[in-house]
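Sharing a structure below in structure tokens format, with a few things to ask.
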Amino acid sequence: MSLGAFSDWSAPNSGARQRTECSVGRTRGGSSIGSAAKFHLPTGEMNLMRIGVAGVGRIGAMHARNLTDLETVDKLVLFDPQPGRADALAREIGAEAVADLDTLLREVDGVVVATPTDTHPEMVRRTVAAGVPTLCEKPIASDVPAMRALIAEVEASGVPVLVGFQRRFDPAVVELKRRLDAGEVGTPYLVRAVGQDAAPPDFGYLPASGGIFRDLLIHDLDAVPWLIGEPVVEVYAGGSVLVDQAFADADDVDNAVVMLRFAGGAHAVLTGGRHNPAGYDHRIEVLGSAQSLAVGLDPRTPLTSLEEGGPQAGPDAYPGFPERFARAYGNEMRVFVEVVAGRMANPSPVRDSLGSLILAEACERSRREGRPVVPELPAVDPAVSALGEVAP
């Protein structure tokens, strides 16, 4: 089953609601017996599942609300290290709150990790040790050596771990990927990606953000190579401080440009900025030998054309990424539940996230040294296609 089958997460579910479970390598009590995960097997009827969310700040709360919209989820369990936060959200959305992660892992079939970034490696290790399929917000680790070690553990465990790069789940981006893979664009010549925040992040966040390439542009450094399906062979990046001195004080920039050169000769130009008063803007354009396609152009795109009859930025422009990618985030939860059920292969594996972090670090090095950098990317497993289907 391809990711394209879930291109519209808001489509209604159908089928009988029935729990069918097959536990492999793990008991209901949570004790580990081997390293394999527990899966629900398809029976032709709807399988009901228990899903947990660890960390219910802004992103975790959004994931929890999206999970309540899925008919395949009949129990939602919440945990947050901040006292009272999980209880408050549980009362609001009709979920259950528990006091610790171990209790949550004993009660669920899959878990979404949305705790602070510096906790991700420990959280993933604990969920994998418990045999629970996991979706972890990016990044799963903050540096390449730590991520390599964690990836080795995850892949050895056999437990599915998805990385929360939501653009891989966005219906329009998925359709763009399908058309590229089908050859409808022809030979890709150029990719242009724009990523502009409406307002700068809290300045207190900057020292721990990892910088604009690891924090903001890493989504494009994941999505664009995934779309093109070729390795990046050269990176060149630059940046400036134009929004606020706080970025310079954090040894960062607030506007950046990246050029990627792919093995086949195509180029991508990625731009990112921390302040766009017109609204949040994220677009991807692919220009090819057969046609040119774009995602992110709609009536809420904060872009004003000076051509007669051209699009105008309106008062309902996207205020931020949760609104711009609302369908993507909903689809992400739907796909994750399908992976937990064993009906779909992992469309956002941990090894892919290593590639995006390596590219982000290459961008930072290029910016600082003022020269092109050749990234040392991991090999891609050709047995798994970009849309999550196991290739024959």
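The values are calculated or read from the model by the stated rules, or taken from the named source; none is laboratory data. The structure presented is a predicted model; accordingly, all values stated were derived computationally and were not measured. Glycine also receives a Cβ, built like all others from the backbone with ideal geometry; neighbour counts cover every protein chain displayed. For the accessible areas, the whole protein counts, side chains as well, though only heavy atoms, and no ligand, DNA or RNA atoms are used. Shrake-Rupley method; radii C 1.70, N 1.55, O 1.52, S 1.80 Å.
Can you give me the accessible area per residue for region 316-377, using a 1.4 Å probe, in Å²? Numbers along the way, then the final one.
Working: 2050 Å² over 62 residues.
I get 33 Å² per residue for this part.
Can I ask one more? Semi-axes, largest first, in whole Å: what does sqrt of 5 times each Cα gyration tensor eigenvalue give for region 108-208? Walk me through the intermediate numbers first.
On the way: eigenvalues 168, 93, 36 Å².
Equivalent ellipsoid of region 108-208: 29, 22, 13 Å, largest first.
On the accessible surface of region 91-206, probed at 1.4 Å, how many percent belong to carbon and sulfur atoms? Before the final figure, lay out each step's value.
Working: 2360 of 4440 Å².
Result for region 91-206: 53 percent of the exposed heavy-atom area is carbon or sulfur.
Follow-up. Express the Stokes-Einstein translational diffusion coefficient of region 225-334 in µm² s⁻¹, to the nearest whole number, given a Kirkwood radius over alpha-carbon pairs, 20 °C and a viscosity of 1.002 mPa s.
On the way: Rh = 16.5 Å.
The calculation lands on 130 µm²/s.
Test of understanding: what is the full-extension gain from A278 to R125, defined as 0.36 nm times their sequence separation minus their Cα-Cα distance?
On the way: separation 153, 0.36 × 153 = 55.08 nm, distance 4.13 nm.
Roughly 50.9 nm would be gained on extension.
So what is the relative contact order of region 273-323, in percent, for Cα pairs below 8 Å that sit 6 or more residues apart?
Details: 63 pairs, mean separation 18.0, N = 51.
The normalised contact order for region 273-323 reaches 35 percent.
Looking at region 179-273, what % of the alpha carbon pairs are farther apart than 23 Å? Write out the running numbers ahead of the final one.
Details: 1386 of 4465 pairs.
Here the tail beyond 23 Å accounts for 31 percent of pairs.
On to the next question. Which three extents, in whole angstrom, do the alpha-carbon atoms of region 258-391 cover along their principal axes, largest first?
Result for region 258-391: principal-axis Cα extents of 49, 45, 33 Å.
Restricting attention to region 125-201, which GluC sites (Glu not before Pro) occupy a DSSP loop and are surrounded by at most 15 other Cβ atoms within 10 Å?
Counting only loop positions with at most 15 other Cβ atoms within 10 Å, the GluC sites (Glu not before Pro) in region 125-201 are E184.
HN-Hα J couplings of region 311-324 from phi, Karplus 6.51/-1.76/1.60, θ = phi - 60°, integer Hz, Gly and Pro as x?
Those phi angles translate into x, 10, 5, x, x, 9, 4, 4, x, x, 5, x, 6, 4 Hz.
Related question: Please calculate the 1.4 Å probe accessible area of H120, with all protein chains present, and give it to the nearest 10 Å².
Probe radius 1.4 Å; accessible area of H120 about 0 Å².
Given Cα positions, please report Rg to Rh for region 62-125, the hydrodynamic radius being the Kirkwood one. Can you show the working numbers first?
Working: Rg = 11.5 Å, Rh = 12.3 Å.
Looking at region 62-125, the ratio lands at 0.94.
Sticking with this structure for a sec: Taking 7 Å along the Cα-to-C-beta vector as the label spot, tell me the V233-L377 distance in nanometres, rounded to one decimal.
Result for the modelled spin labels: 1.1 nm.
Once phi is turned into θ = phi - 60°, what whole-Hz ³J(HN,Hα) does the Karplus curve with 6.51, -1.76 and 1.60 give for every residue of region 143-158, x standing for Gly and Pro?
9, 5, x, 5, 5, 4, 5, 5, 4, 4, 5, 5, 5, 5, 6, x
Answer rounded, prolate or oblate for region 165-208, using the Cα gyration tensor with square roots of eigenvalues a ≥ b ≥ c: rounded when a/c is under 1.5, else prolate when a/b is larger than b/c, else oblate. Mind dumping the intermediate values first?
Working: a/c = 3.72, a/b = 2.51, b/c = 1.48.
Because a/c hits 1.5 or more and a/b exceeds b/c, region 165-208 counts as prolate.
Right, something else. Just for the Cα atoms in region 36-160, what are the lengths along the principal axes, largest first, rounded to whole Å?
Extents along the principal axes, in whole Å: 40, 39, 21.
A follow-up question, please. Could you work out the relative contact order of region 181-277, using alpha carbon pairs under 8 angstrom and six or more residues apart, expressed as a whole percent?
Working: 152 pairs, mean separation 39.4, N = 97.
Rounded, it is 41 percent for region 181-277.
Now a separate question. Can you pull the percent of Cα pairs in region 218-289 with separation above 15 Å? Numbers along the way, then the final one.
On the way: 1530 of 2556 pairs.
Result for the distance tail: 60 percent.
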